[in-house]
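*Asks:* First, the structure itself, so that you have it in front of you.
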Amino acid sequence: MRRRKQFKKKGEEINIDVNYALTYFTRKQDYETVIDSNGRVFPAVISRAPGRGGNSSLNVWADYVNPITETGKLGLGFKSQIFNFNSSNTPLIWTAADTNKKLTDSTQYTVYDYQQQIHAAYVNWSDQKGKLSYQAGLRIEDAEYNGTGEVPTKTTFKNSVLNLFPSAFVSWQMTPSQSVYINYSRRTNRPGFFQMMPFKDYSNPGTVSMGNPDILPEFIDNLEFSYNRNTPKGNTWIMSAYFARTSNLSERVLKPITGDAIDQQLGLTGEIGQLLSRPMNIASGTTFGVEGTARLQLTKIWDASISANFFNNQLTVGNIDPGYTAYIANNNGYGWFSKVNSSVKLPSNFSLQFNGNYESPKVITQGQQRESYWLDVAVRKSLWKNKATFVVNCSDVFKTRQFINNYNTATYYQTINRVKETRIGNITFTYRFGKQDGMKQGGERGRG
């Protein structure tokens, strides 16, 4: 639901947006083990871990804009999000020799519920003085997380974070076609609920994967300086240099299961000899680099956007549980990635679009993430004087996108390849009712 109110004063308006979503899911996982991590062969042990759950989310936004002076504008607003999640996992275990004797596997039994509330308010001021434009803002945010469950013992989890997020932007119009600007912002990257779910996943033989309900959000301070140039032919060139500092940097960390205090707390005393994989806040990160972007009108029917980014990552291990110190070390390295988006207009209101991506290898705290590259293709057809659009697209056409991490520590080496279904086709039809200029009525939703 969206509402917009305009006042008598030109440019003064308020926008309110409310939406609610409800989701329900079921899950089935079957495992069959014939060889354990020590190479011992025994009669097949079969596990079945059916699960179910759901989530609901309520989101409320409000934005108010008021032109105080001829060029200066004040913005105020707030955003609230309430997210509820519940799930349960009731696993059974039996042997191939006795399929009638199915027992509850207490090591995997999990019931988990949590609520996340995020409430934020912001103030923003923007103005222009001749060739100089500037904007400054501040957002205050309160994020609370409460969880309860049996994982497998009854446990309560709670996190509460109150933070300020300043931002500032200054630009200088050197000539009608050239400008420079500097931008600072602080933002957060919150963990997803799958990262926080403490279920035990045995799908990778020899490795037990779990979520971590105690994981904290990442906070990123970013500073960027850019130069922008427009050419008479409609092309745009942008060069940028940037620096970013991340605190509470989180990554999925591996450690051998030895029966230590960490393993006992997580109920993993029966998995000694395997590896434990969990997301954790283990380091701070510093990234600096340069990026170039070009938006080119190559011919009347062919345009392209090309970007390349070269960077250095430095990962510094912070204050972590002593049980992990033997398996994590500082790491640093260079990397780069590039994107190409291109569109060609064809006869009869058809167009062909390509999206190519390449990401070089980059460092992680326990090793390296391998390179990845993929190509997306789409065919678009406009109908009925652009009131309707028909699109057929396919992501990762050649199925080359991969997610492979090499973990290399003083005590073990492991390669994990997460296979995802990335080659996906979609058919989309869109019809726009009413006047197209009515689409502009939406206000500045969700700022801050």
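The values are calculated or read from the model by the stated rules, or taken from the named source; none is laboratory data. Keep in mind it's a predicted model, so treat the numbers as computed, not measured. When we count neighbours, we look across all protein chains shown, and the Cβ atoms used for this are built from the backbone with ideal geometry, even at glycine. In case anyone asks, the SASA skips ligands and DNA or RNA and just uses the protein heavy atoms, side chains included. Shrake-Rupley method; radii C 1.70, N 1.55, O 1.52, S 1.80 Å.
*Asks:* Would you kindly calculate the translational diffusion coefficient of the range 189-232, applying Stokes-Einstein with the Kirkwood radius from alpha carbon pairs, for 20 °C and a viscosity of 1.002 mPa s, and quote it in µm² s⁻¹ without decimals?
*Replies:* Working: Rh = 14.2 Å.
Roughly 151 µm²/s, to the nearest whole number.
*Asks:* Just to confirm my numbers, what's the Cα centroid distance between the range 277-315 and the range 396-414 in Å?
*Replies:* A separation of 20 Å, based on Cα centres.
*Asks:* Compute the FRET efficiency between V290 and F194 as 1/(1 + (r/R0)^6), taking r as their Cβ-Cβ distance and R0 = 35 Å, and round to the nearest 0.05. Walk me through the intermediate numbers first.
*Replies:* On the way: r = 34 Å, r/R0 = 0.97.
Plugging the Cβ-Cβ distance into 1/(1 + (r/R0)^6) gives 0.55.
*Asks:* Shifting gears a bit: How large is the dipole of the chain about the Cα centre if only Lys and Arg carry +1 and Asp and Glu carry -1, each at its Cβ, rounded to the nearest 20 debye? Mind showing how you got there, number by number?
*Replies:* Working: 51 positive and 35 negative charges, 469 e Å.
Approximately 2260 debye in magnitude.
*Asks:* With the full set of protein chains in place, find how many percent of the accessible area of the chain is carbon and sulfur; take the probe as 1.4 Å.
*Replies:* On the way: 14360 of 25670 Å².
Taking all protein chains in place, the chain shows 56 percent carbon and sulfur surface.
*Asks:* Under the rule of at least 5 residues apart or a separate chain, name every residue whose amide H is placed under 5 Å from the amide H of G367.
*Replies:* N408
*Asks:* Compute, for the range 116-275, the length of the dipole vector about the Cα centre, with Cβ point charges of +1 (Lys, Arg) and -1 (Asp, Glu) only. Units Debye, rounded to 20.
*Replies:* Values: 14 positive and 14 negative charges, 169 e Å.
Here the range 116-275 has a charge dipole of around 820 debye.
*Asks:* Zone of F78 (label point 7 Å along Cα→Cβ, backbone N under 15 Å): which residues in the range 45-63?
*Replies:* Of the residues in the range 45-63, 59-63 have backbone N under 15 Å from the label point off F78.
*Asks:* Here is a further query. With unit charges on the beta carbon (Lys/Arg positive, Asp/Glu negative), name the residue among L352, Q314, T389 whose Cα is farthest towards the positive pole of the charge dipole of the range 302-397.
*Replies:* T389
*Asks:* How large is the convex hull of the Cα atoms of the range 261-346 per residue, expressed in Å³ as a whole number? Please report the intermediate quantities before stating the final value.
*Replies:* Values: hull volume 13.5 nm³, N = 86.
Output value, Cα hull per residue: 157 Å³.
*Asks:* Lysines within cross-link reach of K381: Cα-Cα under 19 Å, excluding same-chain residues under 8 positions apart?
*Replies:* Excluding near neighbours in sequence, the set is K300, K345.
*Asks:* Ordering T207, T316 by how much accessible area each has at a 1.4 Å probe, largest first, what is the list? Numbers along the way, then the final one.
*Replies:* On the way: T207 0, T316 65 Å².
Accessible-area ranking of T207, T316, largest first: T316, T207.
*Asks:* Note the full-extension length gain between R187 and N222 as 0.36 nm times their separation in residues minus their Cα-Cα distance, in nm to one decimal. Numbers along the way, then the final one.
*Replies:* Details: separation 35, 0.36 × 35 = 12.60 nm, distance 0.82 nm.
So the chain would gain 11.8 nm between R187 and N222.
*Asks:* Next up: Given the convex hull of the Cα atoms of the chain, what is a quarter of its surface area in nm²?
*Replies:* Numbers: hull surface 105.4 nm².
Approximately 26.4 nm², given one-decimal rounding.
*Asks:* With all pairs of different alpha carbon atoms counted, what Kirkwood hydrodynamic radius in Å does the range 202-353 show?
*Replies:* About 19.5 Å for the range 202-353.
*Asks:* To continue, here is another question. E13: accessible area at probe 1.4 Å, nearest 10 Å²?
*Replies:* Around 30 Å² of this residue is reachable by solvent.
*Asks:* Additional query: What FRET efficiency would be calculated for the residue pair K345, I320, taking the C-beta separation as r and a Förster radius of 41 Å, to the nearest 0.05?
*Replies:* Calculated value: 0.15.
*Asks:* For n ≥ 4 DSSP H runs only, could you compute -39500 (n - 2.57) per run for the chain, divide by its residues and tell me the 222 nm figure to the nearest 500? Could the numbers behind the result be given before it?
*Replies:* Working: 2 runs with 9 residues, N = 448.
Computed ellipticity for the chain at 222 nm equals -500 deg cm²/dmol.
*Asks:* Return the Cα extents of the range 143-234 along principal axes one, two and three, sorted largest first, each rounded to a whole Å.
*Replies:* Here the spans come out as 66, 35, 17 Å, largest first.
*Asks:* How far apart, in nm, are two points set 7 Å out from the Cα along the Cα-to-Cβ line at V180 and at Y20?
*Replies:* Roughly 5.3 nm, to one decimal.
*Asks:* Right, another one. Take L254, L375, L22, L266 and sort them by solvent-accessible surface of the protein heavy atoms, 1.4 Å probe, largest at the top.
*Replies:* These residues rank, largest area first, as L22, L375, L266, L254.
*Asks:* Continuing with the same structure: Could you point to the residue in Y202, N228, N212 farthest towards the positive end of the range 136-293's charge dipole, with +1 and -1 charges on the Cβ of Lys/Arg and Asp/Glu respectively?
*Replies:* Of the candidates, N228 comes out farthest on the positive side.
*Asks:* Using heavy-atom solvent-accessible surface (probe 1.4 Å) with all chains present, what is the largest-first order of I14, I301?
*Replies:* Working: I14 50, I301 85 Å².
Result of the area sort, largest leading: I301, I14.
*Asks:* Report the calculated FRET efficiency for V377 and K154 (r = Cβ-Cβ distance, R0 = 51 Å), to the nearest 0.05. If you can, show how the numbers build up before the last one.
*Replies:* Working: r = 51 Å, r/R0 = 1.00.
Once rounded, the FRET efficiency stands at 0.50.
*Asks:* Probe of 1.4 angstrom, ligands and nucleic acids ignored: what's the accessible area per residue over the chain, in square angstrom? List each step's numbers first, then the result.
*Replies:* Details: 25670 Å² over 448 residues.
About 57 Å² of surface per residue is accessible.
*Asks:* In addition: For a bin width of 10 Å, list the pair-distance distribution of the range 59-161 built from all Cα-Cα distances, rounded to whole %.
*Replies:* 12, 24, 18, 16, 12, 9, 6, 3, 0
*Asks:* What does the charge dipole of the range 285-425 about its Cα centre add up to, to the nearest 20 debye, if the Cβ of each Lys and Arg holds +1 and the Cβ of each Asp and Glu holds -1? Show your work: numbers first, answer last.
*Replies:* Working: 15 positive and 8 negative charges, 171 e Å.
Dipole size: approximately 820 debye.
*Asks:* Enter the accessible area of R2 (Å², nearest 10), with the probe set to 1.4 Å and all protein chains included.
*Replies:* Accessible area, nearest 10 Å²: 110 Å².
*Asks:* So which aspartates and glutamates can K28 reach, going by Cα to Cα under 14 Å and dropping same-chain residues fewer than 8 places off?
*Replies:* The qualifying aspartates and glutamates are D201.
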